[in-house]
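Bear in mind that the values in this text are calculations on the coordinates, not laboratory data. Owing to the predicted nature of the structure, the values given are computational and were not obtained by experimental measurement. Neighbour counts are summed over all protein chains in view; Cβ atoms, including those assigned to glycine, are modelled from backbone coordinates with ideal geometry.
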Number of protein chains: 2
Amino acid sequence: MTKSDIPDIPREDWMTTQEYAYYRLRNAVMVGAFRPGTALTIRGLAQQLDLSPTPIREAVRRLSSENAIEVLGNRRLKIPEMSPGRFEELVQLRIELEIHAAERAFPYVSEIIIERLRELDDRMDGAIAARDLDALTRMNQEFHKILYCLNPYQAVMPLIESIWLQLGPFQRQVIENIEKINVVDRHKEMLAAMRARDMIAMCAAIESDIRDGSITSGRLLLRKQKDAFAV
Amino acid sequence: MTKSDIPDIPREDWMTTQEYAYYRLRNAVMVGAFRPGTALTIRGLAQQLDLSPTPIREAVRRLSSENAIEVLGNRRLKIPEMSPGRFEELVQLRIELEIHAAERAFPYVSEIIIERLRELDDRMDGAIAARDLDALTRMNQEFHKILYCLNPYQAVMPLIESIWLQLGPFQRQVIENIEKINVVDRHKEMLAAMRARDMIAMCAAIESDIRDGSITSGRLLLRKQKDAFAV
DNA sequence: TGTTTTAAAATGATATCACATTTGTAGGGG
DNA sequence: CCCCTACAAATGTGATATCATTTTAAAACA
């Protein structure tokens, strides 16, 4: 077992205890603080977060409804395992949903937004240099989220975040096993396409972004794990 | 206020109280037992279901994470309102997600499955004759679900069900305002396409099924409500 | 009559406790 | 050495009580 600590997040004053627990656990899953297959207990989490079990229970239930945490038949909790079939399905869904979201957001893209995204992308370069994977993951997701949420009639973002949650624990392993991070190039492609008002190119860049970050390296890791298991 | 009673569902012995509350409330939302905009209270639901507030709270939290129930800033709960923009977005998502699911399920379609679906479709004819809208809604969803869940690597079904939950309260109003129900024809088209091993035709029938049941009548109702409000 | 103030009721949030189930472990038997 | 049983610890579940906040209603005032 490597790092098992749950990353802290700022607790805004409007948050109830349950919401704080929810967002903190959610962030932990997103950035891959829990390895796939990790067993969780309500009391254990309550102790780690220094809260009573009640709000933890509610937070965990929410995450289980978003398929971020699996509830087993004996009512124990665990982070779902990843399999090649599930991985392919999740990545394919990510692509379809994010392209859908991007198409619907495209008419709302403005110069101001492009500039905001460019600044965020610059900060991501800093996170890469510092090898701060948590911050990189968060900023990468924020980058996509800012774009998708431009569309005011929003129903797809929660679905995308559910997929992100399910990919998070595995994605972390993928990132840790990869030396070169090439997400940012695709982000710059996206920005260039936005400036050129070229929706097709923007969506193509998004698809490449997701594929590059997931498929190739993910498939490799799954194959490696399988081989290791076979030996 | 018309019917506000929460439809009963059988409580399986493996269910915890929280799960029973969750499935019962979820079913109520799905079949449109709550009108859009309905205010809910934890204690009120607890009283209606004859349970203590704790499991109700957990069930409600799960449903809020699935966007079936809205949590307002003052922590009160309500069934989300429907707007033309949100409606179009939800229906478009339904189409994309269900076509995705159907494509991935298609290789697993067998004669036995087709026969099972045909039987279910026959029972839906009975529900239409009896004008049992709750049963019709449930069976219609089960029809689609059986198909989509043929694919063992399943990640899309929870997303589809989240969309169903969000359309449920409004869809009920649509159905109530429609005299002729033509869902079943499309189901028979789907079955015919499956027998002919024609995936394209099957997906086309699904898209028509969703569009027929939603877009036309839904748009009409929203326009009617808007006009009524304007007057 | 309409608006503001104030008190009471209702509601949400959460800690705690009691109970049932499950897990882990030590001891005994094969 | 392996498997089964028994007991203890840990865990999930759900009811209840308490507190803070919000809503509702009434009363007071302009």
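Taking the number of other C-beta atoms within 10 Å as the exposure measure, put B:TYR148, A:TYR22 in order starting with the fewest. The most exposed by this proxy come first: B:TYR148, A:TYR22. Our note on the geometry: Cα centres of segment A:60-104 and segment B:78-122, 19 Å apart. Label sites at A:MET199 and B:THR54, each approximated as a point 7 angstrom past Cα along Cα to Cβ, lie 5.2 nm apart. Highest mobility in the GNM of chain B, judged by mean-square fluctuation with C-alpha springs under 10 Å and restricted to B:ASP134, B:ASP122, B:ASP212, is found for B:ASP122.
Between copies, the label points at A:SER64 (set 7 angstrom from Cα along Cα-to-Cβ) are spaced 1.8 nm, reported in nanometres from shortest to longest.
Taking +1 at the Cβ of each Lys and Arg and -1 at the Cβ of each Asp and Glu, which of A:MET202, A:THR16, A:LEU150 sits farthest along the dipole of chain A towards its positive end, judged by Cα position relative to the Cα centre? The Cα lying farthest towards the positive end belongs to A:THR16.
Label segment A:84-221 by shape, choosing from rounded, prolate and oblate, from the square roots a ≥ b ≥ c of the eigenvalues of the Cα gyration tensor; if a/c is under 1.5 it is rounded, and otherwise prolate applies when a/b is larger than b/c, oblate when it is not. Verdict is oblate for segment A:84-221.
Classify segment B:17-78 from the C-alpha gyration tensor, please: rounded if a/c falls under 1.5, else prolate or oblate depending on whether a/b exceeds b/c. Rounded is the answer for segment B:17-78, as its axis ratio a/c remains below 1.5. Helix A:133-148 and the longest principal axis of the C-alpha atoms of chain A enclose an angle of approximately 50°.
Every helix of 4 or more DSSP H residues in chain A counts as -39500 (n - 2.57), and over all residues that averages to -21500 deg cm²/dmol at 222 nm. Checking every one of the trypsin sites (Lys or Arg not before Pro) in segment A:108-155 against DSSP loop status and a limit of 10 other Cβ atoms within 10 Å picks out A:ARG131.
Full extension of the chain between A:THR16 and A:ASP212 yields a length gain of 66.7 nm, computed as 0.36 nm times the residue separation minus the alpha carbon distance. Legend: mean number of C-beta atoms from other chains within 10 angstrom of residue C-beta atoms, peptide A:141-154, equals 1.
Across the identical copies, the 7 Å label point of A:ILE9, projected outward along Cα→Cβ, sits 2.9 nm from its counterparts, in ascending order. Taking the longest Cα principal axis of chain A as reference, the axis of helix A:53-65 is set at about 50 degrees. Shape verdict for segment B:1-159, please, from the Cα gyration tensor: rounded (a/c under 1.5), prolate (a/b greater than b/c) or oblate. Prolate, since a/c reaches 1.5 and a/b exceeds b/c. Normalised by the number of residues in chain A, the average gap of Cα pairs under 8 Å and 6 or more apart makes the relative contact order 24 percent. Between identical copies, the spacing of A:ARG116 label points, each set 7 Å from Cα toward the C-beta atom, reads 4.8 nm from nearest to farthest.
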